[in-house]
Amino acid sequence: MFVTLVGMVPSFAAAVPGFAPTEPARPGPARQGSLDDLGMPLAEVTFCVLDLETTGGSPGNDRITEVGALLLRGGELLGSIDTLVNPGVPIPPMITMLTGITEQMVMPAPRIEQVLPSLLEMLRGAVIVGHNIRFDTGFLDAALVAHGYPRLANQRVDTLGLARRLVRDEIPNLKLHTLASHFRTAVEPTHRAFSDAAATAEVFHSLLERAAAFGVLGLDDLIALPRIRAHPSAAKLALTTKLPRAPGVYLFRDREGRVLYVGKASNLRSRVRSYFSGDDRRKVPQLLREATRIDHRVCAGPLEAAVRELRLIQRLQPRFNRQSKGWRQNAYVKLTDERFPRFTVVRKAPADDACALGPFPSASAAQVVREAIETAIPIRRCSTRIGRNAVAGEGPQCVPAQLGVATCPCGGQVSDEAYAELVGQVRRGLTSEPGILLDPLAVRMHRLAHDERYEEAAATRDRLSALTRAMQRQRTVAALQRATRVVLDTPEGRVELHGGIPVFAADRASLMDAPQDTDMLLLVARWLREHAHHVRIVEVDGELASELPRLPSYEAGRTGSRISVRS
């Protein structure tokens with residue numbers, strides 16, 4: 001067995017036998033790269049180019065006959081392995097004709113269990129490179145498992161996948177010999193492990209030069225490149241070259257400088273480059289065709305990125321952001337201001353109304369909550385205008401009054417005092433006594449389920465769940481607004497909330513002057529709920545706690561044909 005672990009030598013193109021061995025390799029498991037390693041510049045990544053020769057094509061039945069490996073970093077050779085392996089089984093004549101390896105050649109060679117410690121030491125912390133690397137790692141994993149080692153956890157780069165992505169239109173096929181001829185490598189592949197590994201290393205180096213045109217500068221870019229299949233806008237990958245691997249917001253702009261789309265990411269570079277590979281949303285191809293520039297702003301963490309994204313979408317209303325159209329579709333449920341109030345769905349946000357709920361993403365979602373309230377309390381449902389001096393019961397009865405599901409002035413004599421009592425119940429149910437609204441719905445749901453009227457029970461359950469969520473949102477927003485100033489220690493550093501709105505040191509004035517919209521307050525509340533175990537309250541001006549009773553949560557599930565609800 002010939003093993004070398006050397007310092008820096010001029011180039012891996014000189015990867016041929018003859019280097020003097022240094023200290024022996026130490027056995028140990030291969031280490032999987034960390035997230036920081038994935039963002040490492042390619043010049044700093046250690047690659048191990050690997051090739052094996054075997055007795056056949058099945059890792060379960062065939063054995064390794066030769067190992068060739070080169071350890072490279074920054075184009076320099078750090079070490080190599082070139083050894084035949086005694087497979088312990090006969091070598092088929094067809095394999096001997098292909099590789100030139102005979103049984104007489106491997107008879108004095110070490111067994112694979114003697115080679116593995118040195119090979120694992122070379123692979124420690126390295127990214128494995130190979131041509132059709134799954135074949136080689138499949139055999140190597142089988143040998144490792146057979147001798148009590150864990151499977152390889154290293155990141156892998158396949159020159160076959162890179163070539164398919166970068167030079168498929170320039171060559172008749174993707175065989176290693178064809179690629180070596182195309183790139184005029186100094187070493188010719190000969191179906192021997194070390195020469196094939198050396199040729200693969202040179203092909204890999206040439207492919208890296210091609211990949212640089214696509215903005216491939218880091219390990220994460222390289223690993224993702226084979227998945228970016230012949231994308232029509234792949235040439236625009238170069239727009240991502242300056243994007244950092246950090247949290248922040250990004251803006252796609254067209255040739256006129258107009259913002260097409262705003263997004264947020266915990267890793268700006270990785271997220272934006274994913275648009276060229278795994279993002280199959282319908283409008284993404286059009287977005288990439290129109291984009292000519294990608295701007296970004298680095299943020300301290302996900303909260304700041306989410307806040308800035310929302311602010312930018314609200315201000316710029318980019319046409320590719322679905323959320324920018326959402327505010328025009330928002331709906332609210334509010335109690336009307338008339339002699340006999342009723343609930344109605346409106347588009348404009350009510351001002352400081354305790355009996356208003358929202359926003360809802362659509363009028364139909366708001367209608368579900370309105371129906372839940374009207375089911376719990378028989379408040380009037382008809383839109384008939386009843387003047388201050390009109391006598392109840394003078395006009396024709398509305399359908400809900402005829403069915404007895406609503407207390408409506410058009411259905412008979414209803415005093416202002418009696419109706420005011422109903423309205424008072426609704427107000428208390430939405431504020432201090434939620435059971436007034438939730439308990440009748442829960443009782444109705446269970447009764448319908450008991451009577452095997454499952455569709456009606458499910459509809460009641462949906463109304464109950466929607467009403468509970470709407471009430472919880474209202475409480476959350478109110479609690480944040482009551483707390484004039486809150487100082488928090490978070491994973492992103494110290495964050496101040498003014499009336500529930502995050503204020504960052506870089507632009508304190510602009511964010512403090514921004515309107516305190518419900519969407520922003522809900523975003524902050526959701527973030528606080530998700531990170532509650534990692535946030536510490538440092539200071540509070542005002543009131544952050546609530547004296548209102550806790551709202552139940554309803555979790556629906558199905559068992560056979562029955563509906564079960566846990567609260």
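The number of residues in region 179-190 being more than 17 Å from Glu209 (Cβ to Cβ) and buried (at least 16 other Cβ atoms within 10 Å of the Cβ) comes to 2. State all residues of region 55-99 that are small (Gly, Ala, Ser) and farther than 24 Å from Val129 by Cβ; if no residue qualifies, say none. Selection gives Gly60, Gly88.
If you go through region 335-383 and pick out every residue that is β-branched (Val, Ile, Thr), over 32 Å from the mean Cα position of the chain (by Cα) and within 18 Å of Ser465 (Cα to Cα), you end up with 3.
Scanning region 162-177 for residues being over 17 Å from Leu98 (Cβ atoms) and out of contact with any Leu (no Cβ under 8 Å at 6 or more places or on another chain) gives a total of 4. Residue count for region 318-346 under the criterion of being open to solvent by 20 Å² or more (accessible area, probe 1.4 Å) and farther than 30 Å from Arg370 by Cα: the result is 2.
Test Pro93 against the criterion of being open to solvent by less than 70 Å² (accessible area, probe 1.4 Å) and over 22 Å from Leu70 (Cβ atoms), and give yes or no. No, not satisfied. Of Arg282, Arg308, Arg269, all but one fail to be modelled with pLDDT under 95, farther than 19 Å from Ala238 by Cα and surrounded by 19 or more Cβ atoms within 10 Å (Cβ to Cβ); the exception is Arg308. Of all residues in region 528-546, those that are under 19 Å from Gln474 (Cα atoms) and open to solvent by less than 80 Å² (accessible area, probe 1.4 Å) have Cβ atoms under 7 Å from Cβ atoms of residues that are at pLDDT 85 or above and assigned to a loop (DSSP other than H, G, I, E, B), 6 or more apart or on another chain, in Leu528/Val535.
Residues in region 217-229 that are surrounded by fewer than 23 Cβ atoms within 10 Å (Cβ to Cβ) and more than 30 Å from Thr83 (Cα to Cα): Leu217, Gly218, Asp220, Ala224, Pro226, Arg227, Ile228, Arg229.
Condition first: farther than 15 Å from Glu53 by Cα and at pLDDT 95 or above. Can you find one or more residues in region 83-98 that meet it? The answer is no; no qualifying residue exists. In the set (1) closer than 25 Å to Phe360 by Cβ; (2) in contact (Cβ under 8 Å) with a residue 60 or more places away in the chain; (3) part of a helix (DSSP H, G or I), Leu422 fails one condition alone, (2). More than 38 Å from the chain's Cα centre (by Cα) and either within 19 Å of Thr46 (Cα to Cα) or in a helix (DSSP H, G or I) (or both): is that true of Met122 in this structure? So Met122 does not fit the description; no. Among the conditions (1) of a type in the set (D, E, K, R); (2) in contact (Cβ under 8 Å) with a residue 24 or more places away in the chain; (3) over 24 Å from Leu42 (Cα atoms), Arg269 misses just one, which is (3). Taking region 153-270 as the region of interest, the strands (runs of 3 or more DSSP E) fully inside it that hold 2 or more residues being in contact with a strand residue (DSSP E or B) (Cβ under 9 Å, 6 or more places away or on another chain) and under 20 Å from Leu50 (Cα atoms) are 156-158.
The set of residues from region 191-216 being out of contact with any Phe, Trp or Tyr (no Cβ under 7 Å at 6 or more places or on another chain), open to solvent by 20 Å² or more (accessible area, probe 1.4 Å) and under 30 Å from Leu243 (Cα atoms) comprises His205, Leu208, Glu209, Arg210, Ala212, Ala213, Phe214. Only one entry in Leu219, Leu174 is aliphatic (A, V, I, L, M) and over 14 Å from His131 (Cβ atoms), namely Leu219.
Note on region 526-567: among residues that are hydrophobic (A, V, I, L, M, F, W, C) and touching a Lys or Arg at 6+ places or on another chain (Cβ under 8 Å), the one that is modelled with the highest pLDDT is Val538. Filtered by the rule that a residue be more than 29 Å from Met40 (Cβ to Cβ) and hydrophobic (A, V, I, L, M, F, W, C), region 241-261 gives Val259, Leu260. For region 408-434, the tally of residues that are farther than 19 Å from Leu357 by Cβ, modelled with pLDDT of 85 or more and buried (at least 16 other Cβ atoms within 10 Å of the Cβ) stands at 1. Inspect all residues belonging to region 463-478 and state whether any of them is among the hydrophobic types (A, V, I, L, M, F, W, C), crowded, with 18+ Cβ neighbours inside 10 Å, in contact (Cβ under 8 Å) with a residue 12 or more places away in the chain and farther than 27 Å from Ala406 by Cβ. Yes: one or more hits. Regarding region 463-485, can at least one residue be identified that is at pLDDT 90 or above and assigned to a loop (DSSP other than H, G, I, E, B)? Checked against the condition, which is being at pLDDT 90 or above and assigned to a loop (DSSP other than H, G, I, E, B), region 463-485 yields no hits at all.
Scan region 285-305 for residues that are in a strand (DSSP E or B) and open to solvent by less than 70 Å² (accessible area, probe 1.4 Å) and the total you get is 2.
The values are calculated or read from the model by the stated rules, or taken from the named source; none is laboratory data. For clarity, every value in this text was computed on a predicted model and none was experimentally measured. All Cβ positions, glycine included, derive from the backbone under ideal geometry; neighbour counts span all protein chains shown. For accessibility, only protein heavy atoms count, side chains too; no ligands or nucleic acids. Shrake-Rupley method; radii C 1.70, N 1.55, O 1.52, S 1.80 Å.
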